[in-house]
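Since every read-out is calculated from the coordinates, none of them should be taken as a lab result. Since this is a predicted model, take the numbers as computed values, not measurements.
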Amino acid sequence: MRFFLKITALFELITGLGLIFIPKLILFLLLGTTLVGAGGNITAMIAGAALLSIAYVCWLTRDSLVANLIIKTLLFYNLVIVAILLFGVINFKLNGLGLWFVVVLHTALSVWGLLLLLNERELNKF
């Protein structure tokens, strides 16, 4: 669980910082679209701050007894991110260079988190 939380913290930290400091570039790379106006920039920066919060929580709880709860939360988060991105592909024809990388990454993190939770459940039976 510790390694999972460290990897999640790293990816969310990088993306969060990118959205705060270079939102137009990050959104273009991820979604193949540009930001419009101050509202778009501020929204991307707020999303970056939320990702930094996820990174911070993952880092702080990597050795904690609540790691299980954090992984359950991340499982939900990763599945929702995949659903939103696929919605964007289908309905808005989004197609950034990094879009499919992000979809695959969040899918892989979902599977990994689910396996960690299932493995812990099996270990707790004994």
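Descriptive notes on the structure:
- When all alpha carbon pairs of the chain are counted in 5 Å bins from zero, the resulting P(r) reads 2, 11, 18, 22, 19, 12, 8, 4, 2, 1, 0, 0 %.
- Against the main long axis of the alpha-carbon atoms of the chain, helix 67-92 sits at an angle near 30°.
- Acute angle (nearest 10 degrees) that the helix 37-60 long axis makes with the longest principal axis of the chain, alpha-carbon atoms: 20
- Percent RCO, i.e. relative contact order, over segment 2-124, from Cα pairs under 8 Å lying at least 6 residues apart: 33
- Nearest-ten-degree value, helix 2-21 long axis tilted from longest Cα axis of the chain: 20
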